[in-house]
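Structure first, commentary second.
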Amino acid sequence: MLSQEIRRRFLKYFKEHGHSIIPSSPVVPHDDPTLLFNNAGMNQFKDVFLGKAVRDYKLAATSQKCIRAGGKHNDLDNVGHSSRHLTFFEMLGNFSFGDYFKKEAIHFAWEVSTKVFEFPEEKIWPTVFEKDEEAFDLWKKYVPEKRITRMGEADNFWAMGETGPCGPCSELYFDRGTKWGSGVSPKDDPSGERYLEFWNLVFMQFNRDASGAMTPLPKQSIDTGAGLERLISLKMGVDTLFGTDILRGLIAEIEEVAGRKYEEEDKILAPAFHVIADHIRSLSFAIADGAQPSNLDRGYVLRKILRRAVRYGRMLGLHDPFLAKILPRLVREMGGDYHELKTAEHRIAEILTLEEESFLRTLKRGGNILGQIIENAQKSSARQITGEDAFKLKDTYGLPLDEILLIAKDSHLEVNLEQYQILEELAREKSRSAKTSHEQQAEENLFQDFVQQEGASRFTGYTSSEEKAVIKAIIVDGRLKDRIEAPAPASIILDKSPFYAERGGQVGDTGTIHTLTGRFAVTECRTPYQGVIVHSGHLEQGSLKKGEAVQASIDTARREAIASHHTATHLLHWALSQVLGPHIRQAGSLVAPDHLRFDFNHHKGVSHEELRQIEQLVNAKIRTDHPVQAYEIPYEEVQKKTEIKQFFGDKYGAVVRVIDIDFSQELCGGTHVRSLGSIGLFRIAKESSIAAGVRRIEATTGSAAEALMYAQEDLLLGAAHLLKTTPLKLLESIQVLSEENKAHAHELKTFRRLAVAKLAGDLGAKITKVGAFDLLTAEVQLDAAELPSLAEQVEQKYRPLVLVLGVRSQQRCQLLVKVSSELVQKGVQAVALVKEIASCIEGSGGGKADSAQAGGKNPEGMEKAFQKARECLLKK
């Protein structure tokens, strides 16, 4: 593949010239909050250029994965509408950190352009900053002076920001010829169509201060960038980036998945192929590097990209999740150089499918309305989506404004923003005037009145699992009751309670509240208002009344399991800091009786070796049986103790509770074991990414951890038994089986090819004369993917011929029409014929004059379609 060859030859050249080959940094810059995505090759070296970091090399070369789909650099809404915009691209670059400068950079650029890229010398046009005489003189050694173009600051001067490192640029352009314009230099070609820029050399020469004054940098540096896709388009001589090898390969895969033919000149459907081919790369690389579609920041940008791909997919007849079907082609073509794609393939496919399913549900709810809104806007003289319709899409179906604007642009429409903003402000006012629902307000008022009259409930569960208490209130359907009779769902408030109410990630206790004559099962415990502990459940027997003395008892076995998982959460937090670094911060947690879930900030996935180390550290601490202490201290004192972990965003009172395990101290109001040994065993069940820069670990303790261990052991033994081997030789057996499967797959492919060839010969008997034409119609038992090959063989064998083949798959079917070129000249068009007969199978189709396809959902209509084809030919 040419892309792979050029990428590797570029890096090989610079390695031979003393450069360190640095792997691409992730497209998700976890350690740089100023960027949504890495959008240039120099991003990973920014601190080096700024003098904030030093590497053990002065020269570097990279092929950097880049995404430009958000923030300052955003090409998202241009993809599909232009031939040169992509959201994902690769940037080849060479860098010098205070070593060589202009002379060497220009020499390298010329030699790589002519010997590595193998561009004709006469096609290369350098540009320089209009005041950069040094660069102008250097280029004169390689090209005639008339081909060196001086450009202004807007085009040929680079700056990292308003202040800081900056310097002139020298850009290399490729002259594509008079077909693309009449300009005689890059300066005379404002559209950039004839003279296509393919490499930018930045001479990082000055430091600009707040006044605008520039002084020479002590270490002048080089930063270059050449877009790989653009280079390949020039090498292949294709008109658009989507004609390059990787993107055209993805388009071929989309053709297979959609059953539609890609035609570059098709202004209606070609953009759909372009959008999907581009967007699958951005989504896959971003997810592989730790991002995930969400409603925040870069996750929100990814969600927009995915939804745009889905909307364009519907134009190709793709109404079910399809992106994961294209993913394997991407992994095959780019996974060799970017192994993270292979590693994360399953997770990428899962996330893509879940997101598609979610959006398709949204479209199902509002799709008809969305289609109607677009249709109405296209018919209007203003070609505009009204503010009222835009607000309806946002308010009813959750489509944010920028996504509505993107939909509008893709449909060549505008949005009445003024009217939309008026409606948005009215909605805000309405929301402010009704902050809570009537039910919420009633509940809040009820508990507020209760605390004022009865005082706060007192929690006694740190030291007791049972408590003699008095019923202070009974609530049924949001109203206070004096008495309840079984059976009855209700909520009860006591003057004091051993029940831990759900908070801080720990689930609430369950248990019973009972007397000699009544028994109430507590299934949920919460604190909806400060100072109130609400026990919700149902009265199983007897009756209870306000003011009655009761016995409140928690489920002690469940509480102990919860306490075990909560203390283990603290141990896990400590172990993560030891293995991954002190930057680890809790980002959420759940403590339940059968498992724990711990979310934390970390910029990359946790390896198997790291997880094993974390697990071993936790279990080593459990075996020490160290006591777990809990005490209260003033929050003011905590502020002076940096060793005590506290969680930003949580609200703390004047006095706080500390859980102290000697090596780990955290502010925590939850329940814990008395000593570490009672946890028993700790096992990690799963580690995953849940958002950009946020990882999740799920784990179990005690008997639940034993159950997980035995389940994994049973799985291993079961797999070994199926393969008739032992667990220790399982991998060896799987390898043998894999090789056998490959051999069988090859044999099957050969067999299928021969079967198709035989079928092509057998079908000749079905040819009939229809008017002046030979017609062959047949339903065949093949995979839909084999239809084109069969049709090609039949047509070549019996031409001139009109061929209509059909195949069914579950509840769907597919038709393929092929017409010999001699008959096309006589007016028989495959695309016209397929459109005539597609309605018989309740489908639609398209294609070219000599070959066309249609998909439908009524296989029973296939014979009717064949008959209609005969009728159409009789009219010719």
#### Entry: Whole-Hz couplings from phi, Karplus 6.51/-1.76/1.60, listed for the stretch 816-821; x for Gly and Pro
10, 10, 10, 10, 4, 4
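Calculate, for the chain, the solvent-accessible area per residue in square angstrom, rolling a 1.4 angstrom probe over the heavy atoms of the protein chains.
Numbers: 42590 Å² over 876 residues.
For the chain, the solvent-accessible area averages 49 Å² per residue.
So if I place +1 on the C-beta of Lys and Arg and -1 on the C-beta of Asp and Glu, and nothing else carries charge, what would the dipole magnitude of the stretch 699-799 be about its Cα centre? I want it in debye, nearest 20.
Values: 11 positive and 14 negative charges, 119 e Å.
Dipole magnitude for the stretch 699-799 comes out near 580 debye.
Filter the GluC sites (Glu not before Pro) in the stretch 541-609 down to the DSSP loop ones having no more than 11 other Cβ atoms within 10 Å, then list what survives. Before the final figure, lay out the partial values.
On the way: sites: Glu548, Glu560, Glu609; in loops: Glu548.
Of the GluC sites (Glu not before Pro), not one in the loops of the stretch 541-609 has a Cβ with at most 11 other Cβ atoms within 10 Å.
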### Message
Under 5 Å between amide hydrogens, which residues at least 5 positions from Val522 or on another chain qualify, with H placed 1.01 Å from N in the peptide plane?
### Response
Gly511, Thr512, Ile513
### Query
In terms of the Cα gyration tensor, with a ≥ b ≥ c the square roots of its eigenvalues, is the stretch 741-876 rounded because a/c is under 1.5, prolate because a/b exceeds b/c, or oblate?
oblate
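Work through the residues other than Asn156 whose Cβ is under 9 Å from its Cβ and net out their charges, Lys, Arg +1 and Asp, Glu -1.
Details: positive: Arg150; negative: Glu130, Asp132, Glu153, Asp155, Glu171.
Net charge around Asn156: -4.
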### Query
So how much accessible area does Leu572 have, in Å² to the nearest 10, using a 1.4 Å probe?
0
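Explain nothing, just the number: dipole magnitude of the stretch 800-865 about its Cα centre with +1 on each Lys and Arg Cβ and -1 on each Asp and Glu Cβ, in debye rounded to the nearest 20. Each step should come with its number before you reach the end.
Numbers: 8 positive and 6 negative charges, 26 e Å.
My answer is approximately 120 debye.
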### Task
With both partners inside the stretch 663-822, how many of the DSSP beta bridges are antiparallel, as a percent to the nearest 5?
80
### Task
Note the angle between two axes, namely the Cα long axis of helix 862-874 and the longest principal axis of the Cα atoms of the chain, as a number of degrees from 0 to 90, rounded to the nearest 10.
20
### Query
Under the Karplus relation 6.51 cos²θ - 1.76 cosθ + 1.60, θ = phi - 60°, what is the ordered set of whole-Hz ³J(HN,Hα) values for the stretch 301-309, x standing for Gly and Pro?
4, 4, 4, 4, 4, 5, 5, 5, 4
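Assuming a ≥ b ≥ c are the square roots of the Cα gyration tensor eigenvalues, decide whether the stretch 241-383 counts as rounded (a/c under 1.5), prolate (otherwise, with a/b larger than b/c) or oblate.
The shape class here is oblate.
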### Dipole-positive endmost among His573, Thr224, Gly212 within the chain (Cβ charges, Cα centre)
Thr224
### Query
Of the peptides 592-599, 754-761, how do they stack up when ordered by the mean number of other Cβ atoms within 10 Å, highest first?
592-599, 754-761
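For the chain, give the percent of accessible area contributed by carbon and sulfur heavy atoms, probe 1.4 Å, rounded to a whole number.
Numbers: 21150 of 42590 Å².
That share works out to 50 percent.
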### Query
Based on DSSP, what percent of beta bridges with both residues in the chain are antiparallel, to the nearest 5?
85
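Specify whether the C-alpha gyration tensor of the stretch 94-158 places it in the rounded, prolate or oblate class, a ≥ b ≥ c being the square roots of the eigenvalues: rounded for a/c under 1.5, otherwise prolate if a/b is larger than b/c and oblate if not. Please report the intermediate quantities before stating the final value.
Values: a/c = 1.72, a/b = 1.09, b/c = 1.58.
Note, shape of the stretch 94-158 comes out oblate.
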### Query
Taking the alpha-carbon centroid of each part, what is the distance from the stretch 201-246 to the stretch 741-814 in angstrom?
52
### Degrees separating the helix 102-111 axis from the principal Cα axis of the chain, which is the longest one
60
### Message
Can you tell me the orientation of helix 730-762 relative to the chain, as the angle in degrees between its alpha-carbon axis and the longest Cα principal axis, to the nearest 10?
### Response
40
### Query
Of the peptides 669-676, 775-782, 91-98, 2-9, how do they stack up when ordered by the mean number of other Cβ atoms within 10 Å, highest first?
91-98, 669-676, 775-782, 2-9
### Task
Name the residues whose placed amide hydrogens come within less than 5 Å of the amide hydrogen of Phe119, ignoring near sequence neighbours (fewer than 5 apart) on the same chain.
Thr114
### Task
Provide the per-residue ³J(HN,Hα) series for the stretch 469-480, in order, calculated from phi with Karplus coefficients 6.51, -1.76, 1.60 and θ = phi - 60°, each as a whole number of Hz, with x at glycine and proline positions.
9, 10, 6, 9, 7, 10, 10, 10, 6, x, 10, 6
### Message
Sort 743-751, 277-285 by packing, meaning the average of other beta carbons within 10 Å per residue, with the highest value first.
### Response
277-285, 743-751
### Query
In debye, nearest 20: dipole of the chain around its Cα centre with unit charges on the Cβ of K, R (+) and D, E (-)?
1540
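The values are calculated or read from the model by the stated rules, or taken from the named source; none is laboratory data. Just so it is clear, the model here is predicted, and its values are computed rather than measured. Note that we place each Cβ from the backbone using ideal geometry, even for glycine, and neighbour counts take in every protein chain shown. Please note that ligands, DNA and RNA were not included when accessible areas were found on the heavy atoms of the full protein model with its side chains. Shrake-Rupley method; radii C 1.70, N 1.55, O 1.52, S 1.80 Å.
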